[in-house]
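What follows is a set of notes on a single structure, which appears directly below.
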Amino acid sequence: MKRRILCLLMAVFLLPGLIAIPAGAAVSEDSGEVQTIRALGIMTGDSAGNLNLGGNVNRAQFAKMLVNASSYKDSVGDGEGVSLFKDVNSTHWASQYIKIAVNEGWMTGYTDGTFRPSQSITLEQACATVLRLLGYDSSSLAGSFPSAQLSKASSLGLRDQISLGKGEYMTRSDCVYLFYNTLTAQTSDAKVYAVTLGYTVTNGNVDYAAVVSANLSGPYVAGRGQSLELPFASSAAAVYRNGAVSTMSAVQQYDVYYYNTGMQTVWIYTDRAGGTITALLPSAAAPTSVTVGATTYTVGTATAAYKLSSMGGFKVGDTALLLLGMNGEVVDVVNGNAASTVYYGVVTAVANASSSGSTAGTEVRVSVGCTDGVVHTFSVNQRGAYTVGSLVSASMTDSGASISQLTAKTLSGAVNQTGTKLGDKLFAGDVQILDTASNGAWAKIYPSRLAGYTLSTDDIRYYVTNTSGEITHLLLDDATGDTWSYYYLTSVPEKSNGTLSGSYSGLKDGSSVTLDNNGKTFSAEAGGVGVQFNSDGEIKNMRQLLSVTLDSLSSVSAMGGNTTYALDSGVQVYLRKRDANYVLSYYQVNLGSVNASDYKLTGWVDNFGNTAGKQVRVIIAEEK
């Protein structure tokens, strides 16, 4: 169940993965280079989170930055340091950083036995120090100090974006540029410095997402009182909850969280999986994966591994709630009723299974496509009125799951252009939306998908609000067309003398597929189609998509016949070509590789009457 490792990151998320420095730009706290330096912990903010970029940098502060930009960043402990200089005693806050910087030969003291930690550092001193970090000592430079050091620093690009001259003091803003440039500079061994630290540099730019990921602490689980243990003031922290901007007040017990100290940023995740444990693999003694219902999860922490092992408190047949991390891995396991989680969704399957508990009898496993975008399987002792396609809520107790049929609760109104409001009701910041169909098909929907559409009571099957009246869960009734599966058929069955021959064959997401029609025929020809399946995988319905000649194409929309169509976020694009023998072939290509100038473009649009449908699902491109 892989998802966003740094969908993790709305902070990364708001910046490009690879960050380029615009020439001559004045640095700001929101800039890419600042965020990279913060993420690495080279520079941190004050108690309020401010970097104070206009302030001068003294020698003690520079020593700390230098060590944090090196492979020794994790070597500094919490205890007292040492007294190497008469003006830096063992209790000085920077004594350990100064010791490392001096022992490695990056910085030196003065002949009078002092280090002068409070003295501002000049451009030439900073450049000489960073050059030593990169492996360039004075013997490898042509000329004398400081001209040799300044010249070499310029040739390596260390002084890019720094307008200071000899003798001028470095500000924190200058240090941001200096250390960012250091990351992308070559060492004396002709290696890119950031690469030697284990980071990725592409086209001279540091991969910011990889930096954040590598310097992330966690996962941790919020304890009672919704408290988070952080090494920085929580009042200054930027908080993201399930990818949306949030606050510390939104933290709940059992939330999983991560943080980056340099960025003073916290990422919180609330994904959980509940139900009956059906398997522990490869063994109960040392499980690396756990199956709840029909879904298998990777065990991601030692805590979870212990609790799920034969030495812990959970075994096959127990009801458990898995606390999931940013990538869907199991961070911790708690009793079913320990966390007040209620799931809402559509029943996708109902099956009998032999009970693995102490009570003999028949156990019913109900699979539910839930608003969190995951199919959860719940075990109950009696079948009840659970039919595929019906809406239910599910909660957990130590003795098992409790499932309730949902009574229709409709709503209507327009979704605003920013996707934050439906009619007069706001969406909660972590709202979960699910489009559902009567055959049990479902699709997780994001609010932006509905922006600008007016939903009727026929489009909405159920909704839930929080104490503030915000919508937290929304269940739609095939409002988007996203519950259908879309194919491009290259052949269809033919009927001759009362006998059906051939099959529905074509393409789905770049792969060749053959659909099992079980002897049925549908009024669909070769081209784009939408398909609905029964819970057993048999085709329930197949409908032809609307063919549209596209006159223009962008990354989000296309125009054909004076009508603008939105593109499905996962639109399938195929290049159709004939070889020398006129054999027709199809090749899946990226959307950006085709255009309306060089290619004849045919879009296939769902035209099934869904309120938020009528999107281009498939594009066929042929060279003109």
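Other residues with beta-carbon under 12 Å from the beta-carbon of N416 carry, at +1 per Lys or Arg and -1 per Asp or Glu, a net charge of +1.
The stretch 287-340 and the stretch 502-547 have Cα centres spaced 38 Å apart. Here the sum of -39500 (n - 2.57) over DSSP H runs of 4 or more residues, divided by the residues of the chain, equals -3500 deg cm²/dmol at 222 nm, to the nearest 500. When the alpha carbon gyration tensor of the chain is reduced to an equivalent ellipsoid, its three semi-axes come out at 54, 34, 22 angstrom, largest first.
Can you give the net charge of the other residues whose Cβ lies under 13 Å from the Cβ of T36, counting K and R as +1 and D and E as -1? Residues near T36 contribute -3 overall.
Solvent exposure of M65, expressed as accessible area, is near 10 Å², computed with a probe of 1.4 Å over the protein chains only. Annotation: amide H of M107 within the under-5 Å range of V102, sequence separation 5 or more or interchain, hydrogens built in the peptide plane. In the context of the full set of protein chains, residues of the chain present 44 Å² of accessible surface per residue (probe radius 1.4 Å, heavy atoms only). Taking Cα pairs under 8 Å and at least six residues apart, what relative contact order does the chain come out at, in percent? In percent, rounded to a whole number, it is 8.
Volume per residue of the convex hull around the Cα atoms, evaluated for the stretch 422-559, comes out as 151 Å³. Working from Cα pairs under 8 Å separated by at least six residues, relative contact order for the stretch 88-176 is 29 percent. Here the chain exposes an accessible surface that is 45 percent carbon and sulfur, computed with a 1.4 Å probe and the other protein chains kept in place.
Tally Lys and Arg at +1 and Asp and Glu at -1 over the other residues with C-beta under 15 Å from the C-beta of Q588: what net charge comes out? In short, +1. Of D579, D30, the order by accessible heavy-atom surface (1.4 Å probe, DNA, RNA and ligands excluded), from most exposed downward, is D30, D579. Straight-distance candidates among the lysines for linking to K307, with alpha-carbon spacing under 30 Å and chain neighbours fewer than 8 residues away dropped: K2, K315. Three principal axis extents describe the C-alpha atoms of the stretch 521-624; from largest down they are 41, 36, 21 Å. If you average the C-alpha positions of the stretch 210-258 and of the stretch 151-191 separately, how far apart do those two centres end up, in angstrom? Value for the Cα centre distance between the two parts: 34 Å. Measuring from centroid to centroid over Cα atoms, what is the spacing of the stretch 99-120 and the stretch 37-81 in Å? That distance is 16 Å.
The values are calculated or read from the model by the stated rules, or taken from the named source; none is laboratory data. If you're wondering where the values come from, they're calculated on a predicted model, not measured in any experiment. Cβ coordinates were reconstructed from backbone atoms using ideal geometry, including for glycine residues, and neighbour counts include every protein chain displayed. We work out accessible area using only protein heavy atoms, side chains counted, and drop any ligands, DNA or RNA first. Shrake-Rupley method; radii C 1.70, N 1.55, O 1.52, S 1.80 Å.
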